[in-house]
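Data block below; observations after.
The values are calculated or read from the model by the stated rules, or taken from the named source; none is laboratory data. Computed from a predicted model, the values in this text were never measured in an experiment. Heads up, the Cβs are rebuilt from the backbone with ideal geometry, glycines too, and the neighbour counts pull from every protein chain shown. Protein only, heavy atoms only, side chains kept; ligands, DNA and RNA dropped before computing areas. Shrake-Rupley method; radii C 1.70, N 1.55, O 1.52, S 1.80 Å.
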Amino acid sequence: MAHNEITHDVIIVGAGLAGTWAAMVAAREGVSDIGVLSKIHPLRSHSGAAQGGIAASLSNTRPVAGTGPRGPLEEVPPGAEASDSWELHMFDTIKGSDWLGDQDAIEVMVKDATEIVYEYEHMGCVFSRTDDGRINQRRFGGHSAPRACFAADWTGHVLLHTVHEQALRYDVKFYSEWYCMDLIMEEGICRGVVAMDVLTGELYTMRAKAVVFGTGGYGRAFAITSNAFANTGDGVAIAYNAGVPLMDMEFVQFHPTGLYRHGILMSEACRGEGGYLLNSQGDRFMNTYAPEKMELAPRDLVSRSEQTEINEGRGVMGDGQGIYLDLRHLGRDKILERLPQVREIAINFVGVDPIDAPVPIQPTAHYSMGGIPTTLDGQVLADADGALVEGFFAAGECACVSVHGANRLGTNSLLDASVFGRRTGYAVVDFIRNGAQLHPVSGDPAAENRARINDLLSRDGDENVEHIAQELKWTMTNNCGVFRDGERLQLALEEIKDLQKRFRHARTMDKGSRFNTDLLTTIEVDHLLQFSEVMVAGAIARTESRGAHSRTDFVKRDDENWLKHTMAHKPMVYEDEDAGPRLSYKGVDIDWEKYPPQERTY
Ligand SMILES: Cc1cc2nc3c(=O)[nH]c(=O)nc-3n(C[C@H](O)[C@H](O)[C@H](O)COP(=O)(O)OP(=O)(O)OC[C@H]3O[C@@H](n4cnc5c(N)ncnc54)[C@H](O)[C@@H]3O)c2cc1C
């Protein structure tokens, strides 16, 4: 074995909820040789930043009778009839997805939801409680019952710590601060990855019988985003470059309440607990757009409403680009008990204490509905006809199974990452038990990636990579944002093409090998440039408005032509260098009797 070769039965890239669940379950069920790579410390994965909650139809709380859809909640007394059900959760999710979610996958997710929340509880997760000791539940947008199980506004933090602890208990090996650069695919079979130990800069060919990607979302392609610095969509770009298609990449969720100018998240729990949105005239403008659900309409609708208020001159702050999130009427005690983190963030970043004053916010790029297409067991699809990529699995935000369709409901993604991470863990166990092979690898993938790095470091143009990244992010925010149209999308595409060309000469400042974060940024920007083109190409082709993809030149949903998933393949090498992604389409799984497409109003 070459000195730079490492082998495992299973290699998992990503230590967020999806990757850690897959690793923990596989280890618990008897696969002993598992390596988990994370480019940052595992517990700094973005899952840990989730604030609001995880959805499950437990029926632990319900609205007080006669107080309306936004009135107070009470505990459901023991023995009383359940106020929520998986069927209701399923319908809300399908409607939220604007009928683009695959209904077989949604059914699996909502049915598994209660079990997975209890599994978290049995592992010792410190959920917030009702007075009689059950898991407390609050409201979230687009959900017709209080369904969000939470731990104050630290939900992701406690979930991730709980599963991580269990993974350590089952001796999963974590490679902390190891950066995956490449997927090793030969003859359509996934044989491992190439990764860098960031501390030393050394590259390794890591072979495995099965590779799982749980690499998270791609919100960092936007200038205003709630996402962590690590959310650069490496996994989707690496898979795309290895010939794997990407699905529904044009669907990006813009969360209504990012801190003004920063994009940092003010959890939807703020509105779940009763917060208001106000325009410059002090109006609760959601009354115009969603009179029934008001601030708790789904995110795509609320973000569009805010953007409309801003565009029509009713925004706040100096440039009129903000909206107010008002929590004052909740009172000091509730804010301190339920939203302590949100309060601290507002004080630290915009100097506003929500107890005393409204917080300026704006829509922020938040969640990646698209990603690597998979089966219900996390197996990656090779094409729109359902062929599989042997040995390659994906789960969580980097994957597209697709439970969120064109718009995700809040609290459904911690659920998605947990449920499908766990299912992928079981699928990997079966795959290994059924005699999966450690396939040979021809050539020296680590050396090939070393050559790529040397090439990147040798570029000495006048322009810095960071500069290119900033231009890309602003064009994505301005031209591929809450509202889109053909002209602006075309502009974005041309700019991306231009930036891709300029990137070929752009300079990385640090030329060293040890802990070269500048080099990692360069590789990440390469990834952003690649998949942003896929997002924009998909958005240009999709001449309709559905969920988060809202076009001012095609304002209606068009089921006749567009009730289908986009699949984007990287063009073959012999095609024109400038050729964009090859787009094809895949049908949506729909139960036409139970859940046929309907008009989506709130
Ligand atoms: C601020 C915020 C709040 C949120 N709140 C909620 C909420 O309340 N409820 C809800 O349901 N959802 C929420 N979400 C969404 C939810 O948190 C995510 O969708 C989910 O946690 C994603 O989990 P994951 O395991 O797929 O990825 P992540 O947790 O993002 O983990 C990705 C992992 O991949 C690793 N990685 C990536 N690239 C590489 C590479 N090249 N090499 C090595 N490792 C790599 C990273 O190190 C990391 O370990 C929130 C998201 C944000 C940004």
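Taking all protein chains into account, the per residue accessible area for the range 244-301 stands at 26 Å² (1.4 Å probe).
With a 1.4 Å probe and every protein chain kept in, tell me what percent of the accessible surface of the range 561-602 is carbon plus sulfur. Don't skip to the answer; put the middle values down first.
Numbers: 1310 of 2720 Å².
Answer for the range 561-602 is 48 percent, counting heavy atoms of protein chains only.
Summary of packing: across the peptides 49-61, 109-121, 556-568, 441-453, the per-residue average of other C-beta atoms within 10 Å ranks them, highest first, as 49-61, 109-121, 556-568, 441-453. Annotation: peptides 284-290, 434-440, 68-74, 522-528, ranked by per-residue average of other Cβ atoms within 10 Å with the highest first, follow the order 522-528, 284-290, 68-74, 434-440.
Take every Cα pair under 8 Å whose residues are at least 6 apart in sequence, average their separation, divide by the length of the range 1-124, and the relative contact order is 18 percent. Karplus-based coupling profile of the range 200-215, in residue order and whole Hz: 9, x, 6, 9, 10, 8, 10, 8, 7, 6, 9, 10, 10, 9, x, 8, with θ = phi - 60° in 6.51 cos²θ - 1.76 cosθ + 1.60 and x standing for Gly or Pro. Here the dipole of the chain is about 900 debye; that uses its Cα centre as origin and unit charges on the Cβ of Lys and Arg (positive) and Asp and Glu (negative). Between residue 6 and 205, 206, 207, the built amide H atoms are under 5 Å apart, and every one of these is 5 or more places off in sequence or on another chain. Listed by chain and number, the lysines whose alpha-carbon sits under 17 Å from that of residue 293, ignoring those within fewer than 8 places in the same chain, are 95.
A cut-off of 5 Å between modelled amide H atoms, ignoring neighbours fewer than 5 places along the same chain, links residue 507 with 461, 463, 464, 465. Of the listed residues 178, 592, the order by accessible area with a 1.4 Å probe, largest first, is 592, 178. Amide H contacts of residue 13 (H built 1.01 Å from N, in plane; Pro and chain starts excluded): 37, 212, 213, 214 sit under 5 Å, all sequence-distant by 5 or more or on other chains.
For the cross-link pairs 209/586; 111/594; 497/570; 39/570, the ones whose C-alpha atoms lie over 20 Å apart are 209/586; 39/570. Placing R0 at 22 angstrom, the Cβ-Cβ distance between residue 582 and residue 494 gives a FRET efficiency of 0.70 after rounding to 0.05. At 4 °C and a viscosity of 1.567 mPa s, what translational diffusion coefficient does Stokes-Einstein give for the chain, taking Rh as the Kirkwood radius over Cα pairs? Give it in µm²/s as a whole number. Calculated translational D: 54 µm²/s. Shape class for the range 73-171: oblate, because the ratio a/c of the largest to smallest gyration tensor axis (alpha-carbon atoms, square roots of eigenvalues) is 1.5 or more and b/c is at least a/b. Its Cα centre serving as origin, the range 314-385 has a Cβ charge dipole (Lys and Arg +1, Asp and Glu -1) of approximately 420 debye. Relative contact order, whole percent, for the range 174-329 stands at 15, derived from Cα pairs under 8 Å and 6 or more residues apart.
Couplings for the range 494-504, taken from phi via the Karplus curve 6.51 cos²θ - 1.76 cosθ + 1.60 with θ = phi - 60°, read 5, 5, 4, 4, 5, 5, 4, 5, 5, 4, 4 Hz in order; Gly and Pro are left as x.
For the chain, the relative contact order comes to 20 percent (Cα pairs under 8 Å, sequence separation of at least 6).
Angle of helix 517-541 to the longest C-alpha principal axis of the chain, folded into 0 to 90 degrees and rounded to 10: 70°.
May I ask for the angle, rounded to the nearest 10°, between helix 299-311 and the longest principal axis of the chain, with both axes built from Cα atoms and the value confined to 0 to 90°? Once rounded, the angle reads 80 degrees.
Once the Cα atoms are used to define both axes, helix 412-433 deviates from the longest principal axis of the chain by about 40 degrees.
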